[in-house]
Each structure stands twice: as C-alpha cells, then as structure tokens.
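The block underneath contains the structure these notes are about, expressed in structure tokens.
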Amino acid sequence: MPNMEGEETPHRQIPDETLQKKHQSMIDRLAARRQTRLETRKPDSPDSSSTSAFLSRFNDFKNSITTQIESAADPSCLTDISSSISDLEKLVAENSYRLPSYEIRASLKTISDLRQNLDTLTAHIVPKKKFSFKNKPVKKETHIINQDTECNTVSLPELKKTSLPVRDSPGFRDKQSQVLVKNFKGSEIGEFTISGLDSCEVKLVGSVNALFINQLKNCKVYVGPVMGSILIEEVENCLLVLASHQIRIHFAKRSDFYLRARSRPIIEDSNEVRFAPYCLKYKGIEADLEVAGLNEETGNWTNVDDFKWLRAVQSPNWSVLPEEERIGTVDLVDLECGNGTI
Amino acid sequence: MGLLSIIRKIKKKEKEMRILMVGLDNSGKTTIVLKINGEDTSVISPTLGFNIKTITYQKYTLNIWDVGGQRTIRSYWRNYFEQTDGLVWVVDSSDLRRLDDCKMELDNLLKEERLSGASLLILANKQDINGALTPTEIAKVLNLEAMDKTRHWKIVGCSAYTGEGLLEGFDWLVQDIASRIYLLD
C-alpha cells in the first residue's frame, strides 16, 4: 500500500515527548523507504510509464490469452496459457505502483476470471487426477517405516472381558466345516454377525443394515448388499465377496476381498490382502443392490486406504488380485427359500 | 481482570463453541456431523485424519472437530483436546462385541485433564438398526452413573441415518455449554 505512506501529517496531539520522538523517527524511516523505492523504480521500461499505456498493453495481452483459451484443444497448450496468465499477472504486479487502485482491482479481477476459464477448460480437457494420500500427516515417521517388520507380528491389544448385560445378536458363531445359509428376505434382522468360524462356507442372501465379521479362518463368505457398513476383524486365509456403503478391514491376513463399496474401503493392521470387484449373483440381487445404492460399479474396490501406510506410494500390505486368479461370478442358486442353519 | 474472564469475554463476543467428536471407528461420527449440517450422507469414506465443520446453531457458531476413530489414529485424538467446550462420544449401539473396547477408550478419554471442563454428550447411534441396544442399556454398559460428579453429561439415542435424536442431543450440549461459558447472558 504505497499511497498510504504519503499521509504523514498526524492530526492527533501527542503530548508525550518520547512518543513524539518515536513517531518522528517512524515517519523518517517511512520517508526514507519510499525514497529508495522510487529510486529503484526508475529504470523500469518506459513504455509502461503511464496508465493508458499499461491498459492497452494489458488488454492486448488479455485478448491474446482469451483467444488461446478459446482455441485450445489438447492438454499441451494448457501450460502455455497458464504461463501467459502468470506473465500477465507479473505485468500487473510490476505496474501496481503507479496504477490507480481501481485499475489494479479491475486487472486482478480479469486475471482471476482468466484463471477460472482456464480451470474450466482444464477440467474439460484433462480428466481429474485421482486423489492420493500425501506424506504430510505422518508424524511418527520411524514408527511407520518399521511397518514391514511389525506387520508380521501383528498382535491384538489385550481386551479385558467384563461381564456385560449384552444379548446375542443374530448370527453364525463358532462353527467348523459347515455350509451356513441365511436368507434375509422379509426378515426383520438389522444387524448380523459372522464370528469364530473355521473352514466354513457362508451364503447370505438379501440385505441387512450392518454386518460384523470376526475371527474367520479358511472360510468363504458370500454376502448380498449391506445398507450401512461392514466391519471385519481377524480373518485369515479367507475369500469374501461383499458389497456395502462402508467396508473396514482390520487384522486380515492372506485373504481375498471381492468388493463393491460406495466409499473407499480401508484396511488396518493387515497384510497380504488382495482386492477384486464384486462378483455375486442370486435371483433378485439387482433390486437389492439398487435399494442399497450399489447398483453401479464404483471402482472403489481398488481405492483402498491403508491406515498403517499413510504415504503416496502403494502400500505393501494390499494388492489388486490378478485377473487370471479371480474366481468367476458366484451364483447362489436354489437359495431362495433356503433358510438354513442358524 | 483475570485470564479466565478475558477468555470469557472473547468467547462471548464470538459466541463460538469448540466441539470434539470422538468414538470408535464405524460409530458414525462423520455421518452425524454431515446430517446435522444437512449434507448428503450416502457416500462417506472412513475418516483418515479429521474434518472440521463450522455450523451456525441457534445463535452460536459451533466448530465441530470430527476426528477419525480407527485404532491407528486414536493416539492422535489428544492433539485436539485443547480448548474443547463440548465432547461428543459416539457409540455404535449395534456393535455389541466392541462395547468393552468402547468403554475402555471412553474411560481413558475422561481421565484427560484438558477435557475435564467439557460437557459430555453420549450419542447412542444406529438406533434405526433392529437389534441395537437402547440408550439405557448403553449407559449401563459404559457405567455412566459412576462418572465424576462434576461432569455435565447426557446420553441420547439417535440415528444418523434418519436424523432422529440428533437435534435433541445437540440442543442439550449447546445449552449446557452456554450456561457454563456465557453465564453473563
């Protein structure tokens, strides 16, 4: 704000002498600074010395950029346009000293409009970059670097079991080598639990609001769309076919997940987990998917966030399951009236 | 003029409240905040880090800090404790298996000195799900009655999915904070 420095006459009375001295020295300092600034300004290019000259230069420049934007067709010219806009901005900055403040404001507005046009154009020509997690929030760097060694010795925190007045929710619990089938159609079940299974095959048809999966070994789990969220803890050597709004995976090992999710699935304390798209079929699944808002492939099965790997490079804990290793579409036929063991 | 009264004055002028949302992962913290703010809740990814929402509520400005609940990032909760006026502890009432976990984390949180003055709202979320525990049951499991007598607290059943109960909970929280901080009103 150079023109403010010109107003040097104080209107107030300053009774205190020291204050007055301070004030005087400040004014001197400002005056000196202004002088040096004016001096350094002198060698500027002469053609931009007056406002009108600047304005005509500015307008020419602006028009050429506008034409560039209008005629741009491929990504390579975007950087050129962007640098032209920067040059224009530089021109304004260089001349900001001698320009009336209205002109500065107007020019800056023009520049920001140009930028906006360019942004719209960029969005049009270049597809948006995928969001990726940067390294910034990582505070405990060393802690995370030791990740690889930690992964193999993932230990569950000690959970003190207190006796709680808790009833059992519907679910399949503590079974071995069985085929477990459940059809939720027409049922009132809101949440369902699959827990403590070994070498079982689980088939769930229809929708629930919430699904909890924990402590599975060598199991195959096929699940119809879940409205709310799926929470998975401690699965090993399993194959799971799941669809939901949210999917959280904790303490999973050597397991394959075939997912469809409305949001980004997450893993935590897991390793050797692989991901592929959802591949389940049963009579009426389209309607169930539609109700759960999962009728379209979102591509989120490959947007996995690893909470133990908060950096831009791919987490070593998960990978995309190679196409040739994927199972084909699983069709849960003849389950429509099958209300199996529970 | 004491420091406290200066802070009170400043806060009074701005009518700002700082509210910290915490709870286990999958309890619905982000969904609650978005629902209160009237935003779309159909696509919400598990929170990596935190979100801040500034909401005008009645005549107050609420700065709501919604902090991710995954185990890995719970240790960062303490970075958000400073100057918290209201604490919202969100419970997934349908997650019966992890209630122990939930109780343990809440107990740890309430030991924190920097949160000792904060009003505590416990939201027993997911009441829309068939089979969810009622707020009374949750209060029993979390042993809320045994809490420090100086703490202002309330438990409210809610559903971030339908929106039910959210306003009741936040009305209480805002009123309680206001009666503590803006005594001069």
* Asked: When you scan the range A:183-223 for strands (runs of 3 or more DSSP E) that lie fully inside it, which ones turn up with 1 or more residues that are farther than 16 Å from A:Leu240 by Cα and among the hydrophobic types (A, V, I, L, M, F, W, C)?
  -> A:208-217
* Number of the condition not met by B:Leu142 [criteria: (1) open to solvent by 20 Å² or more (accessible area, probe 1.4 Å); (2) out of contact with any Pro (no Cβ under 9 Å at 6 or more places or on another chain)] -> (1)
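Provide a single number: the residues in the range A:185-236 that are crowded, with 22+ Cβ neighbours inside 10 Å and either more than 13 Å from chain B (Cβ to nearest Cβ) or not acidic (Asp, Glu) (or both). Break it down into steps so the answer makes sense when it comes.
As a first pass, look at the range A:185-236 and keep what is crowded, with 22+ Cβ neighbours inside 10 Å: A:191-194, A:197, A:202-205, A:207-213, A:216, A:219, A:221-226, A:228-232, A:235.
Now drop any that are not either more than 13 Å from chain B (Cβ to nearest Cβ) or not acidic (Asp, Glu) (or both), which leaves A:192-194, A:197, A:202-205, A:207-213, A:216, A:219, A:221-226, A:228-232, A:235.
Residues in the range A:185-236 being crowded, with 22+ Cβ neighbours inside 10 Å and either more than 13 Å from chain B (Cβ to nearest Cβ) or not acidic (Asp, Glu) (or both): 29 in total.
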* **Scope the range B:71-104; condition within 11 Å of chain A (Cβ to nearest Cβ) and open to solvent by less than 30 Å² (accessible area, probe 1.4 Å); matching residues** => B:Ile73, B:Arg74, B:Asp92, B:Ser93, B:Ser94, B:Asp95, B:Leu96, B:Arg98, B:Leu99, B:Asp100, B:Asp101, B:Cys102
* **Selection count where residues are more than 9 Å from every other protein chain (Cβ to nearest Cβ) and either assigned to a loop (DSSP other than H, G, I, E, B) or touching a residue at least 24 places away in the same chain (Cβ under 8 Å) (or both), scope the range A:237-252** => 10
* For the range A:97-109, indicate whether the set of residues that are over 28 Å from A:Arg34 (Cβ atoms) and open to solvent by less than 80 Å² (accessible area, probe 1.4 Å) is non-empty. => no
* If you scan the range A:59-88, which residues turn out to be without any contact (Cβ under 8 Å) to a residue 40 or more places away in the chain and more than 23 Å from A:Ile104 (Cβ to Cβ)? -> A:Thr67, A:Gln68, A:Glu70, A:Ser71, A:Ser76, A:Cys77, A:Thr79, A:Asp80
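Considering only residues that are within 11 Å of chain B (Cβ to nearest Cβ), farther than 22 Å from B:Ala160 by Cα and not in a loop (DSSP other than H, G, I, E, B), which ones fall in the range A:253-270?
To start, the set of residues in the range A:253-270 that are within 11 Å of chain B (Cβ to nearest Cβ) comprises A:261-269.
Next, only the ones that are farther than 22 Å from B:Ala160 by Cα stay: A:267-269.
Scanning the range A:253-270 gives A:Ile267, A:Glu268.
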* To do: Answer yes or no as to whether A:Val320 is open to solvent by 30 Å² or more (accessible area, probe 1.4 Å) and modelled with pLDDT of 95 or more.
  => yes
* Evaluate the range B:106-126: report whether one residue or more is without any contact (Cβ under 8 Å) to a residue 40 or more places away in the chain, assigned to a strand (DSSP E or B), open to solvent by 50 Å² or more (accessible area, probe 1.4 Å) and more than 14 Å from chain A (Cβ to nearest Cβ). => no
* Kindly check whether there is at least one residue in the range A:273-287 that is without any contact (Cβ under 8 Å) to a residue 12 or more places away in the chain and either within 10 Å of chain B (Cβ to nearest Cβ) or farther than 21 Å from A:Ser315 by Cα (or both). => yes
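Here are A:Val291, A:Val304: which of them is farther than 14 Å from A:Val235 by Cβ and within 11 Å of another protein chain (Cβ to nearest Cβ)? It would help to see each step written out before you state the result.
Details: A:Val291 fails: within 11 Å of another protein chain (Cβ to nearest Cβ).
Criteria check complete, one pass: A:Val304.
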* Got at least one residue in the range A:127-143 being out of contact with any Asp or Glu (no Cβ under 8 Å at 6 or more places or on another chain), of a type in the set (Gly, Ala, Ser), over 30 Å from B:Tyr76 (Cα atoms) and modelled with pLDDT of 55 or more? -> no
* Asked: What number of residues within the range B:127-136 are outside any loop (DSSP other than H, G, I, E, B) and of a type in the set (Gly, Ala, Ser)?
  -> 0
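Within the group B:Ser5, B:Ser42, which residue is open to solvent by 20 Å² or more (accessible area, probe 1.4 Å), more than 18 Å from the chain's Cα centre (by Cα) and over 30 Å from A:Asn209 (Cβ atoms)? Write out each step before concluding.
Details: B:Ser42 fails: over 30 Å from A:Asn209 (Cβ atoms).
Of B:Ser5, B:Ser42, the one residue that is open to solvent by 20 Å² or more (accessible area, probe 1.4 Å), more than 18 Å from the chain's Cα centre (by Cα) and over 30 Å from A:Asn209 (Cβ atoms) is B:Ser5.
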* Structure fact -> Those residues of the range A:191-248 that are more than 17 Å from A:Ala261 (Cβ to Cβ) and among the β-branched types (Val, Ile, Thr) come to a total of 4
* Any chance B:Glu145 is without any contact (Cβ under 8 Å) to a residue 12 or more places away in the chain and either part of a loop (DSSP other than H, G, I, E, B) or within 20 Å of B:Gly169 (Cβ to Cβ) (or both) -> yes
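Assess whether B:Glu113 counts as being acidic (Asp, Glu) and over 22 Å from B:Val33 (Cα atoms). Full working, then the answer.
On the way: acidic (Asp, Glu): yes; over 22 Å from B:Val33 (Cα atoms): yes.
Yes; evaluated as a whole, the condition is true for this residue.
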* A:Ser25 passes all but one of (1) closer than 28 Å to A:Ile104 by Cβ; (2) at pLDDT 75 or above; which number fails? -> (1)
* To do: May I ask you to list pairs of residues, at least six apart or on different chains, whose Cβ atoms are under 6 Å apart, with the first in the range A:18-35 being surrounded by 12 or more Cβ atoms within 10 Å (Cβ to Cβ) and the second being in a helix (DSSP H, G or I) and among the acidic types (Asp, Glu)?
  => A:Leu30/A:Glu5; A:Arg34/A:Glu5
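Please work out if A:Asp256 is surrounded by fewer than 23 Cβ atoms within 10 Å (Cβ to Cβ), within 16 Å of A:Ile213 (Cα to Cα), of a type in the set (Asp, Glu) and in contact (Cβ under 8 Å) with a residue 60 or more places away in the chain.
Working: surrounded by fewer than 23 Cβ atoms within 10 Å (Cβ to Cβ): yes; within 16 Å of A:Ile213 (Cα to Cα): yes; of a type in the set (Asp, Glu): yes; in contact (Cβ under 8 Å) with a residue 60 or more places away in the chain: yes.
It is true that A:Asp256 is surrounded by fewer than 23 Cβ atoms within 10 Å (Cβ to Cβ), within 16 Å of A:Ile213 (Cα to Cα), of a type in the set (Asp, Glu) and in contact (Cβ under 8 Å) with a residue 60 or more places away in the chain.
The values are calculated or read from the model by the stated rules, or taken from the named source; none is laboratory data. The shown structure was predicted, so the numbers you read here are calculated from the model rather than taken from an experiment. So basically every Cβ, Gly included, is an ideal-geometry build from the backbone, and we count neighbours across all protein chains shown. In case anyone asks, the SASA skips ligands and DNA or RNA and just uses the protein heavy atoms, side chains included. Shrake-Rupley method; radii C 1.70, N 1.55, O 1.52, S 1.80 Å.
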